[in-house]
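Participant: Let me begin by handing over the structure; questions about it come next.
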Amino acid sequence: MSRATAIRIVIVEDHPVVRRGLGAVLGGQSDMIVVGEAASAAEAVALLAHEPADVVVLDLRLPDASGTEGIAAVLAARPDSRILVLSSYGRPGDVRSALDAGAAGYVVKDAADEEVVGAVRKVAAGGAFVSQAAARALVGEGDLERLTAREQRILELMADGHANDAIARALDLSVGTVKNYIHVILLKLHVRDRTAAVAVATRTGRLKPR
């Protein structure tokens, strides 16, 4: 793959060893190129001002910004960039706040290299990704099928045939955030696509038959 068509990646991580390791793994892929590295949100914003990136791999804990602040700063600098959060923590609150803030994916730092590479490809292609470790924390052990009120409403709109952009307009969300919610709904219902999600929810009584 040529440099022009490769996935352009910026790594934002304050630990040099982790940053170098990520750079080596991602930069070693034939379809990826690491175009810059930053150790803080401020450095990331300055870098992104002149260096476009398809995917920003962002540490959730930076010295100058909380997770949601870092996500907001990156999106303000480069609204078209997709954010993949990389964190040592998989707590439900951390995962939810990152996705709600606009991150397209969430991976814990002890994930295998293959999972991180796959996550970058997924979010670069416009999808959402939550690593299995983070997903287990998100949905809650022994509580895999509970939907929040927002997730239930999105599921209802899906059942009515609304596309992601229509759901986003109806709920005053970004399309990226809607995609993240749908990904979580699929995880909770243990299905692979929207049609199956609606079918399962109808069968289990979470939706009235359409």
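The values are calculated or read from the model by the stated rules, or taken from the named source; none is laboratory data. All values derive from a computational prediction rather than experimental measurement. For neighbour counting, all protein chains shown are included, and Cβ atoms are generated from backbone atoms with ideal geometry for every residue, glycine included.
Participant: For the list (1) among the aliphatic types (A, V, I, L, M); (2) within 15 Å of Asn180 (Cβ to Cβ); (3) crowded, with 22+ Cβ neighbours inside 10 Å, I need the number of the one condition that Val74 fails.
Facilitator: The number of the failed condition is (2).
Participant: Something else now. If I filter the range 11-40 down to residues being acidic (Asp, Glu) and part of a loop (DSSP other than H, G, I, E, B), which single residue comes out as nearest to Ile71 (Cα to Cα)? Walk me through it before giving the result.
Facilitator: We begin by selecting, within the range 11-40, every residue acidic (Asp, Glu); these are 13-14, 31, 37.
Next cut, part of a loop (DSSP other than H, G, I, E, B) only: 13-14, 31.
On the way: Glu13: 13, Asp14: 15, Asp31: 25 Å.
For the range 11-40, the residue satisfying everything is Glu13.
Participant: Right, something else. Of Arg203, Arg136, Arg210, Arg146, which residue is farther than 24 Å from Asp54 by Cβ, basic (Lys, Arg), touching a helix residue (DSSP H, G or I) at 6+ places or on another chain (Cβ under 6 Å) and modelled with pLDDT under 75? Step through it out loud before you land on a result.
Facilitator: Values: Arg203 fails: touching a helix residue (DSSP H, G or I) at 6+ places or on another chain (Cβ under 6 Å); Arg136 fails: touching a helix residue (DSSP H, G or I) at 6+ places or on another chain (Cβ under 6 Å); Arg146 fails: touching a helix residue (DSSP H, G or I) at 6+ places or on another chain (Cβ under 6 Å).
Unique residue meeting the criteria: Arg210.
Participant: Where in the range 41-121 are the strands (runs of 3 or more DSSP E), entirely inside, with at least 3 residues that are outside the structural domain of Lys188 (by TED's automatic domain parsing) and without any contact (Cβ under 8 Å) to a residue 40 or more places away in the chain? I'd like the intermediate steps shown before the answer.
Facilitator: Numbers: elements: 55-59, 82-87, 105-108.
Correct list: 105-108.
Participant: Report yes if Val116 is buried (at least 19 other Cβ atoms within 10 Å of the Cβ) and either polar (S, T, N, Q) or modelled with pLDDT of 85 or more (or both), otherwise no. Please lay out each step first, then the result.
Facilitator: Numbers: buried (at least 19 other Cβ atoms within 10 Å of the Cβ): yes; either polar (S, T, N, Q) or modelled with pLDDT of 85 or more (or both): yes.
The answer is yes for Val116.
Participant: Pick out the one residue from Thr5, Thr68 that is of a type in the set (Ser, Thr, Tyr), touching a helix residue (DSSP H, G or I) at 6+ places or on another chain (Cβ under 8 Å) and either within 22 Å of Val95 (Cβ to Cβ) or surrounded by fewer than 23 Cβ atoms within 10 Å (Cβ to Cβ) (or both).
Facilitator: Details: Thr5 fails: touching a helix residue (DSSP H, G or I) at 6+ places or on another chain (Cβ under 8 Å).
That would be Thr68, the only listed residue that is of a type in the set (Ser, Thr, Tyr), touching a helix residue (DSSP H, G or I) at 6+ places or on another chain (Cβ under 8 Å) and either within 22 Å of Val95 (Cβ to Cβ) or surrounded by fewer than 23 Cβ atoms within 10 Å (Cβ to Cβ) (or both).
Participant: Testing Ala163 on (1) outside the structural domain of Val45 (by TED's automatic domain parsing); (2) of a type outside the set (D, E, K, R); (3) modelled with pLDDT under 90, one condition comes back false. Which one is that?
Facilitator: In the conditions (1) outside the structural domain of Val45 (by TED's automatic domain parsing); (2) of a type outside the set (D, E, K, R); (3) modelled with pLDDT under 90, Ala163 misses (3) alone.
Participant: Turning to a different aspect of this structure: Within the range 62-87, which residues are closer than 21 Å to Leu187 by Cα and not charged (D, E, K, R)? First the steps, then the outcome.
Facilitator: Let us first name the residues in the range 62-87 that are closer than 21 Å to Leu187 by Cα, namely 82-87.
If the condition is that a residue be closer than 21 Å to Leu187 by Cα and not charged (D, E, K, R), then Ile83, Leu84, Val85, Leu86, Ser87 are the ones that fit.
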